[in-house]
């Protein structure tokens, strides 16, 4: 079987109607930049708010398709294109928490939980972002996090603790301890690898 007869990998995604314009950008600029950076071709169906991501050339790796997919998911999760771009960097990931899966469908309960994660004047969200060097978006009924692997999952743990009703002060102490451990571990790895 030759390489031409192999099927091309494609990624199919849906986007919230109100986020489609953000993804496309003024005059299609955001989408074009995404295609250039990831070497993909993206076809948008604006009627059904869906899109197809495929390689622009046979040399494009699956990783590039996944990075383009993560960018689209980040926009759909409420991030601005500037913040969503961070997920295109090699060591950055996108983590999504579906609040309905954790707390159920009660609108009042969802609103209360989102309020606890955001905090007064956005302080809780900002504190977690600063402690973990991540971006956090609370949009609709999801919480999305962009950061390096360790920090994104640490932010997720902190948010899940808040969802489960832990006191903010307890979460901050936990974060502080874990961030110090991560820094120590990364410093140790650096010195061990250094020739």
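The values are calculated or read from the model by the stated rules, or taken from the named source; none is laboratory data. This one's a predicted model, so the numbers in the text were calculated from it and none came from an experiment. Cβ sites come from the backbone with ideal geometry, for glycine too, and all protein chains shown count toward neighbours.
For segment 117-138, residues that are crowded, with 16+ Cβ neighbours inside 10 Å and in contact (Cβ under 8 Å) with a residue 24 or more places away in the chain total 10.
When you go through 32, 67 one by one, which is the residue that is modelled with pLDDT of 95 or more, assigned to a helix (DSSP H, G or I) and surrounded by fewer than 18 Cβ atoms within 10 Å (Cβ to Cβ)? So the residue among 32, 67 that is modelled with pLDDT of 95 or more, assigned to a helix (DSSP H, G or I) and surrounded by fewer than 18 Cβ atoms within 10 Å (Cβ to Cβ) is 32. Scan segment 103-141 for residues that are part of a loop (DSSP other than H, G, I, E, B) and on the phi > 0 side of the Ramachandran plot and the total you get is 4.
Selection of segment 145-158 for residues being crowded, with 24+ Cβ neighbours inside 10 Å and not in a helix (DSSP H, G or I) yields 145, 146, 147. Inside segment 166-185, residues that are in contact (Cβ under 8 Å) with a residue 24 or more places away in the chain and exposed (fewer than 14 other Cβ atoms within 10 Å of the Cβ) make up a count of 1. Out of 83, 100, one residue alone is over 30 Å from residue 38 (Cα atoms), in a helix (DSSP H, G or I) and within 18 Å of the chain's Cα centre (by Cα). It is 100. Residues that are in contact with a helix residue (DSSP H, G or I) (Cβ under 7 Å, 6 or more places away or on another chain) and surrounded by 17 or more Cβ atoms within 10 Å (Cβ to Cβ) within segment 14-29 comprise 15, 19, 22, 23, 24, listed in sequence order. Given the structure, is residue 177 part of a helix (DSSP H, G or I) and either more than 25 Å from residue 75 (Cα to Cα) or touching a helix residue (DSSP H, G or I) at 6+ places or on another chain (Cβ under 6 Å) (or both)? Spelling it out, residue 177 is indeed part of a helix (DSSP H, G or I) and either more than 25 Å from residue 75 (Cα to Cα) or touching a helix residue (DSSP H, G or I) at 6+ places or on another chain (Cβ under 6 Å) (or both). Which ones in segment 44-57 are assigned to a strand (DSSP E or B) and under 12 Å from residue 68 (Cβ atoms)? Once the filter is applied, which keeps residues that are assigned to a strand (DSSP E or B) and under 12 Å from residue 68 (Cβ atoms), segment 44-57 yields 51, 52, 53, 54, 55.
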